[in-house]
1. Return yes or no: is residue A:299 surrounded by fewer than 20 Cβ atoms within 10 Å (Cβ to Cβ) and modelled with pLDDT of 90 or more?
2. Which one of these is outside the structural domain of residue A:112 (by TED's automatic domain parsing) and more than 30 Å from residue B:267 (Cβ to Cβ): A:397, A:414, A:381, A:371?
3. Does region B:180-187 contain any residue that is part of a helix (DSSP H, G or I), small (Gly, Ala, Ser) and modelled with pLDDT of 90 or more?
4. Say we look at region A:41-68 and pick out the residues that are more than 7 Å from chain C (Cβ to nearest Cβ) and in a strand (DSSP E or B); which of these is nearest to the chain's Cα centre (by Cα)?
5. Of all residues in region A:360-375, how many are within 13 Å of residue A:48 (Cβ to Cβ) and assigned to a helix (DSSP H, G or I)?
6. So, in region A:100-122, exactly how many residues are surrounded by fewer than 17 Cβ atoms within 10 Å (Cβ to Cβ) and either part of a strand (DSSP E or B) or touching a residue at least 40 places away in the same chain (Cβ under 8 Å) (or both)?
7. Could we say that residue A:392 is of a type outside the set (Lys, Arg) and buried (at least 22 other Cβ atoms within 10 Å of the Cβ) here?
8. Looking at region B:109-133 only, could you name the residues that are among the β-branched types (Val, Ile, Thr), within 24 Å of residue C:291 (Cβ to Cβ) and surrounded by fewer than 18 Cβ atoms within 10 Å (Cβ to Cβ)?
Amino acid sequence: MRRLKWLGSAATSVALGAAVLGMFGGGEAAAQGKQLTLCWAAWDPANALVELGKDFTKQSGIEMKYEFVPWTSYADRFLNELNSHGKLCDLLIGDSQWIGGAAENKWYVKLNDFFDKEHISMDDFVPATVVGYSEWPKNTPNYWALPAMADAVGWTYRKDWFSRPEIQSAFKAKYGRDLAPPKTYDELKQVGEFFQGREIDGKKVYGAYIFTERGSEGITMGVTNALYNYGFSYDNPKKPYQMQGIVNSPEAAKGLEFYKELYKCCTAPGMTNAYMQEGLDAFKSGQVAMQMNWFAFFPGLYKDPNVGGDKIGFFVNPAGPKGHFTQLGGQGISVVATSEHKDDALAYIKWFAQPTVQQRWWQLGGYSALKAVVDAPDFPKSAAFAPQFLESMGIVKDFWAEPSYAQLLLDMQKRVHDYVVADKGTSQQALDLLVKDWTKVFKEQGKDVASQ
Amino acid sequence: MSTIIHPDHAAMTGAGEVALSQPMKHVRGLSDRTIAWLFVAPTIALLLAINIFPLVWMIRLSFTNLNLSMSYLPLRFIGLDNFTDILGDEDVWFRLQTTARFVLWSVALEMVIGFGLALLIKRQFRGHSFWTTIILLPMMLSPAVVGNFWTLLLQPQIGPFNHFISLLTGVPASSFSMTGEVVLAPWTIVLVDTWMWTPYVMLICLAGLRSIPDYIYEAAEVDRASAWRQFWSITLPMTVPFLMLAVLFRAIENFKMFDMVNLLTSGGPGSTTELVSITLKRAAFEKWRTGYSSALAIILFVTVFGAANIYVKALNKVKQR
Amino acid sequence: MTAAAAKSTAHSIVEASPRSRAVAGSLVILYAVITLLPMVWIVATAFKSQSDAIAYPPKVLFEPTLEGYVNLFTVRTRQTADFIAKLPPPSTWYDVIVRKHDMVIAGPSKVVPRFVNSLIIGFGSTFLAVFLGTLAAYAFSRFRIPLADDLLFFILSTRMMPPVAVAIPIYLMYRQLNLTDTRLGMILLYTAVNVSLAVWLLKGFIDEIPREYEEAALVDGYTRLQALRKVVLPQAVTGIAATAIFCLIFSWNEYAFAVLLTSGEAQTMPPFIPFIIGEGGQDWPAVAAATTLFVVPIVLFTVLLRKHLLRGITFGAVRK
């Protein structure tokens, strides 16, 4: 009893103190000097940005704080933040597909006037990134972000394995051609099958690593690479939002089927819910011959002591029977409308847009979208993956960037994961259901999709 | 000794209450009526502000088309459309079935193991109190943290779980994935939940067992009833109210389950382990369909409230026997 | 109730045979050991290096290191070996650990503010819930309040809602009131959720305190409030402690509200721990270290108060 009493009074005083502190003590230490919080995903390029930002602080005296969130909860968390009119972020490097919602809901500050005033021209940036990261409505000169991080899906492979004579001859004996980084999806599958289960340096290795994550955007960002190249489109180019027979065309169904075959034939067991990180782990630990992943990671991989340097090679997403595209990634940087430091945030963007800063951004491991950087004659030689990056940025396609993007994405995640990983139904059925889901979403959004 | 009371009945134990109408004798200071209201008011005010008002607001929203990611669209009242939409959606029914299966199996396993453990612990072996405390540990953890950490434990290549199973059965460790396979994943969430909450059931069962007076067993001994017989005719019937209570609490909790499963499987593979709370979270906070998800929330609330009420009635009947 | 309580001290006469006790004991111990394994793994992982933590096959024996704890409390940046060679020699043991991996400490991580949030929100809401709950429970127990039954049952039913469902209107409301991501908002929310449990449990405890004591005090010229403070509260200490621990367990471990309604300023540990990342993915040793540290206070409290556990977990339905 005595102990209880003592405990009780101790707990009470702690609690009282805590409650008082919590209610009247306010937030974390009030900012002494000027401070900006920049929000982005937690990945290699973010570390490069921190490094880069030190120069900004030196020049302006504005201290930079960062809020980096893992990719699997990035959209979830920051869309919640925008929607709740939170004040956590002053600057947000938001995903390309958020632009529609952010513009329509006025979550971002419109940058046209600022660009005009500071003589920042969108013509100086790679066209695909301007359309992808900055414009809403698409293909109109309404800018809500500055292209910050150009990115696309690409592939890495084990150059050292590909160049071993015994492996080369075994491949040639089996397929009657030389072992080389695949140029088409059929070749990709052949190479995958060839490596799958093969014993290399006493370790069992697997063919390829591909995206299969369920919770956020993983499997969609993977499967679209195959879909585009098999003839899938989001809607009828002549009739916006008309999806019947386009999204679920027989060609698209074949593309989806191909992705599943690739998943079944050539990936490591247990890769049922894998995204960027699992891919990096698998590749770095020497488990796979080929890896699908974002270009953003390639600088880090190239520097990896075990699989980097001479041992790693890069190739562009292979072509399919109906075309050659790759999934666009990357983000623009925007000023959050509820920020209390908008002027400082704009000053950061102004600083960031300078060609010298952009050049350094690329050197540190970020991907600049500035033409002056990427169109420079020595750019292709500046990194092992630079030529593939340039080629990829010329053939990118992006997912829907509509305000209802999250619904469209979650529907696709579900339908595709159900089919590819959970073995539910056929690819045609999966896409038919997807058309149904998407039609409903667009109707709710007030779009005219009835006329199909 | 332990007794079970039901909420409804507890409130009625009003014997000896100081009636407010009665003129108070010589009490100084504030009148009793004032004190009563002063004491209850803050709680009621808080509940009104944080529970009732939002609930009423949610009911209103459930008749609208509100979508927070498109809040610039005009707010329209669409009658019962959200409700008919949900009830006519076979996916929602699948999610409810998934939830029901999860609740059923996890509660069943927890009951069997928890009751078994309670029977064993009741034998008062040496050190039983220490080991009981050890067993309780999993239920002290945060479900979200548990769900997150089990993803590592269950990882086929680097997690210890598969290697442990492999040691026992000889099945190669990386040949199966507990969270990734359609057949295994539903059992995995049951397994982790059982690991976490069996101690809770055990505690309630223990209380039940300790509530049985010894003289009943003594009488049974005199009658030379076998241990088996004693179990079926004394132990089980007398602990049934406690068991039913444990079922009630666990079932409600698991019907609400979100955190642990969301972090463990995020509903996958496909939608194999997507419990209805995960569906609700996706609808409300990822798709931002506020109107629709309000309707779904109300349907869930009515379901759990209705089921709990029916169950409590049954529980009271058992107790009155 | 009193008749039942009198029996509680009776000792079992029908005792189990030594052999059956031994069997029971070994079975329970076997279960306890199996159930403990995952937790041992967590504690052990906190002392592994990053590569040992994700070794294939998993490592049971490893060289312990404090890397996980260091990583948990710091933010580090990778530097070139040349850069590090040029630095002055490491001044602290944690600098030594970090530099082994070609990194330097760039500053403290967010774990301390998050832990402080957990403490403030957890204890603050527990205190408020118990405080309000005691007052309301006393009133419900001693005075006749119109519609008391309905009110009490309604109070309880608020705990049957899935938290995600409750969060929908709260999210909208907090957005309007600027309470999103504030400690005050979280304290109010957790208090509201906990106060139902608190009223419910405490009413049971106070019901058991004979009202004759109070009436005697009133006759002696105490006011109601004095009688409450000097007579009732001291006898309810056990009940209040038991109630507090359950309120605390809830608000300490709560995830759904926290992840939906907080992002920075008021974020607590449960939504923070799963997203501790290092270079190359989830930093498992740091996650394990955070998990271990996070669970210590609650386990200590629980062990101290384990006798009162039962009442709390059953909403007071089981009385001992």
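1. no
2. Among A:397, A:414, A:381, A:371, only A:381 is outside the structural domain of residue A:112 (by TED's automatic domain parsing) and more than 30 Å from residue B:267 (Cβ to Cβ).
3. yes
4. Looking at the filtered set, the residue picked out is A:41.
5. So the count comes out to 5.
6. Total satisfying the criteria: 2.
7. For residue A:392, the condition - of a type outside the set (Lys, Arg) and buried (at least 22 other Cβ atoms within 10 Å of the Cβ) - is met.
8. Correct list: B:133 only.
The values are calculated or read from the model by the stated rules, or taken from the named source; none is laboratory data. The structure presented is a predicted model; accordingly, all values stated were derived computationally and were not measured. Glycine also receives a Cβ, built like all others from the backbone with ideal geometry; neighbour counts cover every protein chain displayed.
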